[in-house]
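Chemist: Can you read through this structure? Questions will come right after.
None of the figures in this text is laboratory data; all of them are computed from the coordinates on show. Bear in mind the structure is a predicted one, so any value in this text is a computation, not a measurement. Neighbour counts run over all protein chains shown; Cβ positions are idealised from the backbone, glycine included.
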Amino acid sequence: MLSKKMQEALNAQINAEYHSSYLYLSMAAHCQAINLEGFASWLRIQADEEMIHAMKIYDFVLERGGRVVLTAIEAPATEWESPLAIFEATYAHEQYITGRINKLVDLAIAESDHATNAFLQWFVNEQVEEESNADAVLQRLNLIADAPGGLFMLNEQLGQRPAITPASPAE
Ligand code: FEO
């Protein structure tokens, strides 16, 4: 059984993951509008991943006999100055999410909630990958410094990210 505090914190994280999805989808829409379709595709897949994260927590709360409470999702930004600005924001956002996950782990430990702590370790590891993926694109953007040729190539590469199925939560 989840404590009331843990349940509220997990529900807040469901909201944060959906907000992440909304943010990346907004970035994808922006990239589509400026004809960076590879960037748009990469970000749209990232938005799908965030929904999977949300649903993993949703399912865990239910499995523990808790109550899922969905709340309003904060509207994301809709415009960015450049692809570099998008990935600076993405990297910063993932660092913010890592901080949130760490706080959830802190709470699980403080409550001796070993099951939630064990569950959250998947997210601890996932955040290493999430930060690394965002940083990898950011570093490449820094290298090419918006040179049209480099941007074109990166756009092609990002367009090759394989799609995932949001309805089928991954391990
Ligand atoms: Fe759900 Fe990108 O962390």
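Chemist: Net charge near Gly66: determine it from the other residues with C-beta under 13 Å of the C-beta of Gly66, scoring Lys and Arg +1 and Asp and Glu -1. The partial results should precede the final answer.
Modeler: Values: positive: Lys4, Lys5, Arg64, Arg67; negative: Glu8, Asp59, Glu63, Asp113.
My count for the surroundings of Gly66 gives 0.
Chemist: At a Förster radius of 41 Å, what calculated FRET efficiency corresponds to the Cβ-Cβ distance of Trp122 and Ile34, to the nearest 0.05? Can you show the working numbers first?
Modeler: Working: r = 35 Å, r/R0 = 0.85.
Calculated value: 0.70.
Chemist: Continuing with this model, one more query. P(r) for the chain, please, calculated from all Cα pair distances in 5 Å bins and given in %.
Modeler: Each 5 Å bin holds this share of Cα pairs: 1, 9, 17, 21, 18, 13, 9, 6, 4, 2, 0, 0.
Chemist: Add -39500 (n - 2.57) for each DSSP H run of 4 or more in the chain, then divide by its residues: what number comes out at 222 nm, to the nearest 500 deg cm²/dmol? Walk me through the numbers on the way to the answer.
Modeler: Values: 5 runs with 127 residues, N = 171.
Calculated from helices alone, the mean residue ellipticity at 222 nm is -26500 deg cm²/dmol.
Chemist: Place a +1 charge on the Cβ of each Lys and Arg in the chain and a -1 charge on the Cβ of each Asp and Glu, then give the dipole magnitude about the Cα centre in debye, rounded to the nearest 20. Numbers along the way, then the final one.
Modeler: Working: 10 positive and 24 negative charges, 80 e Å.
Taking the Cα centre of the chain as origin, the dipole is about 380 debye.
Chemist: Using only the alpha-carbon atoms, how far is helix 148-158 inclined from the longest principal axis of the chain? Give it as 0 to 90 degrees, nearest 10.
Modeler: Helix 148-158 sits at roughly 40 degrees to that axis.
Chemist: A follow-up question, please. At a 10 angstrom cut-off on C-beta neighbours, averaged per residue, how do the peptides 1-7, 69-75 rank from highest to lowest?
Modeler: On the way: 1-7: 15.0, 69-75: 11.0.
Answer by packing, highest mean first, reads 1-7, 69-75.
Chemist: May I ask you to derive the relative contact order of the chain, considering only C-alpha pairs under 8 Å and at least 6 residues apart, and to give it as an integer percent?
Modeler: Values: 185 pairs, mean separation 56.2, N = 171.
Relative contact order comes out at 33 percent.
Chemist: Just subtract the alpha-carbon distance of Ile144 and Arg67 from 0.36 nm times their residue separation and send over the number in nm, one decimal. Write out the running numbers ahead of the final one.
Modeler: Values: separation 77, 0.36 × 77 = 27.72 nm, distance 4.78 nm.
22.9 nm is the gain from fully extending Ile144 to Arg67.
Chemist: So if each residue of separation counts as 0.36 nm, and I subtract the Cα-Cα distance between Tyr96 and Gln157, what length gain in nm does that give?
Modeler: Numbers: separation 61, 0.36 × 61 = 21.96 nm, distance 2.64 nm.
Between Tyr96 and Gln157, full extension yields 19.3 nm more.
Chemist: Rounded to whole Hz and in sequence order, give me ³J(HN,Hα) for the stretch 25-30 from the Karplus expression 6.51 cos²θ - 1.76 cosθ + 1.60, θ = phi - 60°, writing x for Gly and Pro.
Modeler: Per-residue couplings from phi come out as 5, 5, 5, 4, 4, 5 Hz.
Chemist: Please find the FRET efficiency linking Glu129 to Lys4, where r is the Cβ-Cβ separation and R0 is fixed at 30 Å, and quote it to the nearest 0.05. Spell out each step's value before the answer.
Modeler: Working: r = 32 Å, r/R0 = 1.05.
My answer for the efficiency is 0.45.
Chemist: Follow-up. Cβ under 12 Å from Asn117's Cβ, Asn117 left aside: what net charge do those residues give with Lys, Arg +1 and Asp, Glu -1? Provide the component values of the computation, followed by the final result.
Modeler: Numbers: positive: none; negative: Asp106, Glu111, Asp113.
With Lys, Arg at +1 and Asp, Glu at -1, the net is -3.
Chemist: In a shell of Cβ-Cβ distance under 11 Å around Met27, excluding Met27 itself, what net charge do Lys and Arg (+1) and Asp and Glu (-1) give?
Modeler: Working: positive: Arg44; negative: Glu79.
That works out to 0.
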